[in-house]
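Please read the structure below before turning to the comments.
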Amino acid sequence: MIALAGFHFRTIARGRSSLVAVIGFAMATGIVALLGLDSFRQLGLGAVSPAAVAVLNLALLLPTALGALIGALTVTAGRETGLLAMIRARGLSIAGLIGAAWLAVTGVAWLALVAGFGLAALVVAGNVPLGDMPAFVGLLIVTMAAAATASAVGVLVGTAVRTRLQAALVALAAWFVLAVGLDLVVVGLGVFLRAGEPALLAAVLANPLQAARVLALLLLDASGSVLGPVGAYLLMRFDHLGAVALLAVDLAAWIGAPLGGAILLLRHRDL
Amino acid sequence: MSAIEAPGRTMEIDLVTHAESMTGTRPRLSAHGLVKRYGERVALEASDFELPPATIAAIVGPNGSGKSTLLGCLARTVLHDGRVFLDGEPIERSAPGRVAYLPQRLRLPATATVGEVLALFRRFAGGVADRVAPPPGFVPDERRPLGQLSGGQAQRAALAATLQGRPDLVLLDEPLANLDDDARAATMALLAEHRAAGATILVASPTAVDLLAVVDRVLALRDGRIVHIGPAASFLGRLPLVIWVRLEAGTSGDDLSGLPAALRSRREGDWLALECREEDAVELLRELDARGVPAARIRIGGPEDPTRASPLDRP
């Protein structure tokens, strides 16, 4: 499985679109970090956290879109071109095929994140108290986890559709729902139904990108005040460590469930 | 009797309704009750068959007859009813690397190099040394990305990757597509070496002509059913008994006129017609192969017009 993952990773990373996405994200992250640093400094806040907050939304959007899209395309292309069939015949299990695709795609998304955060780190390096670095690294880890969940969703999409065009369209639609759509639904229904904090927390857990965003903000601000009622409820109900653990488990489930679904689906489909 | 269409011809052949007996030899491959349905449509409903070790079998039949589906079932990449056994054990329990499969119209990633593809499949070959090394020049430069190769070069790279290690069952779906005469001859020789080392090889092709110089058995499909299975000679015995050889420019074909298996020969433009008895057809093809005549220049068909015979490539 690792050999196939490495093969996928190299071929994906060399693709022109992947290179453009990685470089584009890195440049965008650097610019956002620079702008965030300058504007938040005027408010008298610390250097890393404001810049990191500015980077957070970008890091939760672009690499996850990349992971979902490439995840779907990698599996569909592998089926269309015969590569997966060739390797399956040689004895690699369906779980191995799925796991290899996910590892490779997640690796590419992480490459983009590391490049982006690396550039952001360079931008804020002169203004960073060393004590803020763990939060910055935590932010990177959380966004990497979010990218891993999006890659898993992409791989699931890739097993469910037939063609690369379908894969691209469905993966982008799925990403849009996770990135924006669910939030709009929650905002709309929340007001209409007067949903309380438990319902809002359930909505957070039902969306890996939102869970990652909350987790990242908890890492940046242990008081959870930036999260409003949901943050207060989380900390009151689970305390800080418990809330972090709950969200981490949720993200892990958002990786495991789509991959499990993809394996089950592919076991009942022709390669 | 049932019918199978070869390009330009329709041949009557025996319908096989039971497993072929391989008395005295434990079958390498056994297939029982293979059925593949796409919704209501039955794509494959193959009668039981067995193949012994060290055999090359051609799967022939017109487009849509179920050749690729049958290979996919054997490769475990197509879901199906029925069972497949490799050396008496369910094929799904066979050790990794024992089955090698080259799908039709394979397109490996353009950004991967030849060397990376070979290295990948070496990992999945079960960690054993190659049984047979491809001839020099067969594998393109390992540093070149597949996207920069011609169709024939990419096909050679894919063949080399497929045949790595020591596969006991090799499943090839139209492996000669895109190959020039030399590459076809090299591929045939490669397959013959794998057979000599004990491998059982199934090769799907729209026609048997391009394979008959090396195949031992022919399995003919029509509408998803096996309509003939048996020695290549018995399949050939049902074909018209003129073997046409397209002559190279500037050659007379005199060196081919006196082949022992040929009854008589005649020249028709660029073509040399070799007539033979049914039972001598395989021998004649092997004699042509021994004289270096590539399969691409050979057709088997009607006595009056080589362009209506079973083709490889129409002039």
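Being part of a loop (DSSP other than H, G, I, E, B) and open to solvent by 50 Å² or more (accessible area, probe 1.4 Å) is the filter; apply it to the range B:75-87 and report the residue that is farthest from the other protein chains (Cβ to nearest Cβ).
Quick first cut of the range B:75-87, residues part of a loop (DSSP other than H, G, I, E, B) only: B:76-80, B:87.
Okay, now just the ones that are also open to solvent by 50 Å² or more (accessible area, probe 1.4 Å), so B:76, B:79-80.
Working: B:76: 6, B:79: 6, B:80: 9 Å.
Only one residue fits best here, namely B:80.
Could you please let me know if residue B:110 is touching a Leu at 6+ places or on another chain (Cβ under 6 Å), in a loop (DSSP other than H, G, I, E, B) and either among the small types (Gly, Ala, Ser) or in contact (Cβ under 8 Å) with a residue 40 or more places away in the chain (or both)?
Judged against the criteria, residue B:110 is a match.
Can you find a residue in the range B:142-152 that is open to solvent by less than 50 Å² (accessible area, probe 1.4 Å), touching a residue at least 40 places away in the same chain (Cβ under 8 Å) and not basic (Lys, Arg)?
No, every residue in the range B:142-152 fails to be open to solvent by less than 50 Å² (accessible area, probe 1.4 Å), touching a residue at least 40 places away in the same chain (Cβ under 8 Å) and not basic (Lys, Arg).
Could you tell me whether any residue of the range B:246-253 is under 20 Å from residue B:176 (Cα atoms) and open to solvent by 50 Å² or more (accessible area, probe 1.4 Å)? First the steps, then the outcome.
So the first thing to find is which residues in the range B:246-253 are under 20 Å from residue B:176 (Cα atoms), and the list is B:246.
Pick out the ones that are also open to solvent by 50 Å² or more (accessible area, probe 1.4 Å) and you get B:246.
Looking for residues that are under 20 Å from residue B:176 (Cα atoms) and open to solvent by 50 Å² or more (accessible area, probe 1.4 Å), one finds at least one in the range B:246-253, hence yes.
Hey, could you check the range A:6-20 for residues that are open to solvent by 30 Å² or more (accessible area, probe 1.4 Å) and either within 10 Å of chain B (Cβ to nearest Cβ) or not hydroxyl-bearing (Ser, Thr, Tyr) (or both) and say which is nearest to residue A:101 (Cα to Cα)?
The initial filter retains those residues of the range A:6-20 that are open to solvent by 30 Å² or more (accessible area, probe 1.4 Å), namely A:9-10, A:14, A:16-17, A:19-20.
Imposing the further condition that a residue be either within 10 Å of chain B (Cβ to nearest Cβ) or not hydroxyl-bearing (Ser, Thr, Tyr) (or both) reduces the set to A:9-10, A:14, A:16, A:19-20.
Values: A:9: 8, A:10: 12, A:14: 16, A:16: 19, A:19: 18, A:20: 20 Å.
Of everything passing the filter in the range A:6-20, A:9 is nearest to residue A:101 (Cα to Cα).
Residue check: is residue A:94 modelled with pLDDT of 95 or more and more than 14 Å from chain B (Cβ to nearest Cβ)? Walk me through how you get there before you give the answer.
Working: modelled with pLDDT of 95 or more: yes; more than 14 Å from chain B (Cβ to nearest Cβ): no.
So residue A:94 does not fit the description; no.
Only one of A:228, A:242, A:260, A:196 is surrounded by fewer than 18 Cβ atoms within 10 Å (Cβ to Cβ) and under 21 Å from residue A:157 (Cβ atoms); which? Quick ask: steps written out before the conclusion?
Values: A:228 fails: under 21 Å from residue A:157 (Cβ atoms); A:242 fails: under 21 Å from residue A:157 (Cβ atoms); A:196 fails: under 21 Å from residue A:157 (Cβ atoms).
Unique residue meeting the criteria: A:260.
Within the range B:101-119, is even one residue buried (at least 23 other Cβ atoms within 10 Å of the Cβ) and aromatic (Phe, Trp, Tyr)?
yes
Just for the range B:113-129: of the residues that are free of Cβ contacts under 8 Å to residues at least 12 places away in the same chain and farther than 16 Å from residue A:89 by Cα, which one is nearest to the other protein chains (Cβ to nearest Cβ)? Steps first, please.
Applying the first criterion (free of Cβ contacts under 8 Å to residues at least 12 places away in the same chain) to the range B:113-129 yields B:116, B:119, B:123.
From what is left, the residues that are farther than 16 Å from residue A:89 by Cα are B:116, B:119.
Values: B:116: 6, B:119: 8 Å.
Filtering the range B:113-129 for residues that are free of Cβ contacts under 8 Å to residues at least 12 places away in the same chain and farther than 16 Å from residue A:89 by Cα, the one nearest to the other protein chains (Cβ to nearest Cβ) comes out as B:116.
Just give me the residues in the range B:88-107 being more than 9 Å from every other protein chain (Cβ to nearest Cβ) and not in a loop (DSSP other than H, G, I, E, B), in sequence order. So that I can check it myself, show each step before the final result.
First, the residues of the range B:88-107 that are more than 9 Å from every other protein chain (Cβ to nearest Cβ): B:88-93.
Scanning the range B:88-107 gives B:89, B:90, B:91, B:92, B:93.
Out of (1) at the interface with another protein chain (Cβ under 8 Å from one of its Cβ atoms); (2) of a type outside the set (Ser, Thr, Tyr); (3) in contact with an Asp or Glu (Cβ under 7 Å, 6 or more places away or on another chain), what's the single condition that is false for residue B:132?
Of everything listed in (1) at the interface with another protein chain (Cβ under 8 Å from one of its Cβ atoms); (2) of a type outside the set (Ser, Thr, Tyr); (3) in contact with an Asp or Glu (Cβ under 7 Å, 6 or more places away or on another chain), residue B:132 misses just condition (1).
Do any residues in the range A:245-271 that are away from chain B (no Cβ under 14 Å) have Cβ atoms under 8 Å from those of residues that are open to solvent by 50 Å² or more (accessible area, probe 1.4 Å) and assigned to a helix (DSSP H, G or I), where the two are at least six apart or on different chains, and which pairs are they?
These pairs meet every condition: A:245/A:238; A:246/A:238; A:258/A:156; A:259/A:156; A:261/A:156; A:262/A:156.
Considering every residue within the range B:55-62, establish whether at least one is away from every other protein chain (no Cβ under 13 Å), open to solvent by 10 Å² or more (accessible area, probe 1.4 Å) and not acidic (Asp, Glu).
Restricting attention to the range B:55-62, the residues satisfying the condition of being away from every other protein chain (no Cβ under 13 Å) are B:55-62.
Still in the running and open to solvent by 10 Å² or more (accessible area, probe 1.4 Å): B:62.
Keeping just the survivors that are not acidic (Asp, Glu) gives B:62.
Yes, because at least one residue in the range B:55-62 is away from every other protein chain (no Cβ under 13 Å), open to solvent by 10 Å² or more (accessible area, probe 1.4 Å) and not acidic (Asp, Glu).
The values are calculated or read from the model by the stated rules, or taken from the named source; none is laboratory data. The shown structure was predicted, so the numbers you read here are calculated from the model rather than taken from an experiment. Counting neighbours? That spans all protein chains shown, and the Cβs are built from the backbone with ideal geometry, glycine included. Ligands, DNA and RNA are excluded from the accessible area calculation, which covers all protein heavy atoms including side chains. Shrake-Rupley method; radii C 1.70, N 1.55, O 1.52, S 1.80 Å.
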